[in-house]
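Encoded as structure tokens, the structure appears first; notes follow it.
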Amino acid sequence: MIRARSLMRSATSGDGVTRLELFFDLVFVLALWQLSHHLLEHPSWVGAGETFVLLLAVYKVWVYTTWSATLLDTSRLEVQWMLLVVMLVTLFMNASIGSAFGAFGWLFAGSYLLVQLGRGVWMLTAGLDRTTHSHFVRTLIWGWMSTPFWIAGVFFGPELRLMFWGLAAAIDLGGHMLAHRLPGRKTEGSSVPLPGERIFERFGLFYLIALGETILSTGLAIAGNLQDPFIFLTGTISLAGSVAIWWCYFHGLEQDILDRLKSVDDQFRPGILAGNTLVLLLAGLILVAVGDQLVINDPAIRPDLSTVLLLYSGPALFLAARGFLIRQVLNRRTPSDLAGIGALVLLATVSFLLPAFIAAMGAVLPLIGVAVSDAVDRRRRTHQAVR
């Protein structure tokens, strides 16, 4: 059934992010905490693989719902109910993350498919324009392609479940990266009525919530180790890392990208690029949160391989994703990101010989260096623009 009156956003709908959309985001605080806790309990390659597959599913629910809400008029009651229903089902999906590879895999996969396919079908009744309607049809086709693997994984143990769900998540991610292209059918970005500035603002707000979860995890770890003489030092190091990440993303870079989006006609492609990058930025934050908790729990021991990888891969993944975003959207190279990654690799090789709290300090210093370099470069470009 197609609605007589379209639910799509109009020029008079307003571009601001609504309180309901921010309220919807809060259900994902639980998801991010569950994901970091799952990796903390399973600090292995298998645990990392499970966490990443679950992260991809959680992210797909958030990003597709966010894209849908961005295209629609969120002041309409039907759209508000759609967001609230998705929020309810997602709450149960996120609650089952800790046992998704155990007894409640059916709840995680079932909730995921109900949201993705149900919302997709509902969008086809929302009175979309021809181009957008065609795109959501292709989105559903990609969703149906991965569905058998999500369902099959439920009937097997953790090892085979990871294989089936990993394949399903790869299909879903591939569809997103290809803008759900099918043979002979693709979306012309300039014809999609996507407000790129608004969608990128949503990405930034969600990333800010994810940073908040990192601080929450650090705070809970501190609360459980208040008797430790190192607690003030390790807590400060952890917060310094979060502040450096915030600075590197929000202090100037976000505004540069928003300014860039104002000057281009095709805002669809930058939106896809930003969405693909955000999942890597989120993965980096989860790694950072888990690494910080391990150090706070036992700061004086020499870190093992898993602790070192968690401490250093998170910041490295953040810098790599940030550099990719800057290069693709702003067409600008960032030597500081490459230098920061190089420094992280070098420091990681010697961190096995050091106490964990010093290794954690080594993981934060390159981030601070990149933040300082950004500030200097921004001041230089500002002076050049004034002349």
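Coordinate-derived values only; no laboratory data. Treat the numbers as computed from the prediction; the structure is a model and nothing was measured. Cβ atoms come from the backbone with ideal geometry, glycine included; neighbour counts cover every protein chain shown.
Observations
- Counting only alpha carbon atoms, the long axis of helix 45-71 and the longest principal axis of the chain meet at about 40°.
- Each of Thr70, Thr236 was scored by other Cβ atoms within 10 Å of its Cβ. Listed from fewest to most, they are Thr236, Thr70.
- Protection-proxy order for peptides 292-298, 336-342, each taking the mean of Cβ atoms within 10 Å per residue, highest first: 292-298, 336-342
- Ellipsoid fit via the Cα gyration tensor, the chain: semi-axes of 35, 27, 18 Å, each the root of five times an eigenvalue, largest first.
- Angle in degrees between helix 305-325 and the longest Cα principal axis of the chain, rounded to the nearest 10: 50
- Local electrostatic count, Glu213, Cβ distance below 15 Å [Lys/Arg +1, Asp/Glu -1]: -2
- Rounded to the nearest 20 debye, dipole of the chain from Cβ charges on Lys, Arg, Asp, Glu: 1200
- Computed over neighbours whose Cβ is under 12 Å from that of Trp144, the net charge equals 0, Lys and Arg +1, Asp and Glu -1.
- Degrees between helix 158-177 axis and first principal axis of the chain (Cα, 0 to 90, nearest 10): 60
- Proxy reagent accessibility, fewest Cβ within 10 Å first, across Asp73, Asp377: Asp377, Asp73
- Phi-based couplings in Hz for region 84-92 (Karplus 6.51, -1.76, 1.60; Gly and Pro marked x): 5, 5, 4, 4, 4, 5, 5, 4, 6
- Fewest-first ranking of Phe250, Phe136, using other Cβ atoms within 10 Å as the exposure measure: Phe250, Phe136
- Using equal-weight Cα scatterers in the Debye expression, the normalised intensity of region 196-386 in log10 at q = 0.09 Å⁻¹ is -0.34.
- Per-residue [θ]222 nm for the chain (sum of -39500 (n - 2.57) over DSSP H runs n ≥ 4, rounded to 500): -25500 deg cm²/dmol
- Note, ³J(HN,Hα) from phi for region 145-155, Karplus 6.51, -1.76, 1.60, rounded to Hz, x at Gly and Pro: 5, 8, 4, x, 6, 4, 5, 4, x, 4, 8
- Semi-axis lengths, largest first, of the ellipsoid equivalent to region 19-191 are 28, 19, 13 Å, with √(5λ) applied to each eigenvalue of the Cα gyration tensor.
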